[in-house]
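Single-structure report; data block below.
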Amino acid sequence: MNDFQLRQEAVRITQEVLSRAAAKGHATERVVRPRCLVERHPSQGDLSNVPDGTVLITMASGVAAELAKLGLREPVSLTQLKGLWWVAQVDAAHIYRFMEYGGAYCTVAASTHQLVHEYSFGYCSLVQGPFETAEQARQAIPPSKRTG
């Protein structure tokens with residue numbers, strides 16, 4: 001084969017490999033960084049056992065005490081807390097699309113799933129929980145802080 005034919009064959013093989021990878025969903029998979037609950041910010045505590053790239057969500061001391069009753073100590077991975085509900089302060093931009101991140105926060109009842117996939121891209125802090133149901137979490141929000 002001459003040089004031109006080799007280049008054409010290389011392009012064809014590359015396109016075929018890329019097409020196969022895209023067909024299997026490799027190009028569209030979403031990577032979710034690990035999320036861990038911590039009582040203190042990294043600058044205030046030793047978090048050397050937290051993997052690099054982990055999203056840290058702060059929790060109130062009451063939440064940490066409840067998790068300690070379950071035998072969990074910080075950092076607590078949210079993967080261990082599936083199906084639970086929380087009272088969280090989250091960036092208002094998650095709820096009100098016209099707001100910029102960092103402008104305000106709202107108090108919401110949030111599931112662990114929502115913490116991982118919706119609310120941890122801006123400010124997020126757990127103030128109460130865990131709760132077994134969404135209704136328990138909603139009832140725990142003080143009336144003055146309820147939205148909608």
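The values are calculated or read from the model by the stated rules, or taken from the named source; none is laboratory data. None of the values given here were measured: they were computed from a predicted structure. Methodologically, a virtual Cβ is constructed for each residue, glycine included, from the backbone with ideal geometry; neighbour enumeration extends over all protein chains shown. To get the accessible areas, we keep the full protein, side chains included, count just its heavy atoms, and leave off ligands, DNA and RNA. Shrake-Rupley method; radii C 1.70, N 1.55, O 1.52, S 1.80 Å.
General observations
- Residues in segment 104-133 that are open to solvent by less than 20 Å² (accessible area, probe 1.4 Å) and touching a residue at least 40 places away in the same chain (Cβ under 8 Å) were compared, and the one that is farthest from L78 (Cα to Cα) is C106.
- Given (1) assigned to a loop (DSSP other than H, G, I, E, B); (2) modelled with pLDDT under 90, index of the condition Q80 fails: (1)
- Residues located in segment 13-68, provided they are among the β-branched types (V, I, T), at pLDDT 75 or above and open to solvent by less than 60 Å² (accessible area, probe 1.4 Å): V38, T54, V55, I57, T58, V63
- L81 vs. criteria within 14 Å of C36 (Cα to Cα), crowded, with 19+ Cβ neighbours inside 10 Å and touching a helix residue (DSSP H, G or I) at 6+ places or on another chain (Cβ under 6 Å): yes
- Of the residues making up segment 92-103, not a single one is open to solvent by 30 Å² or more (accessible area, probe 1.4 Å), farther than 20 Å from V127 by Cβ, under 14 Å from the mean Cα position of the chain (by Cα) and modelled with pLDDT of 85 or more.
- Meets criteria (under 15 Å from the mean Cα position of the chain (by Cα), within 18 Å of V127 (Cα to Cα) and modelled with pLDDT of 90 or more) for S111: yes
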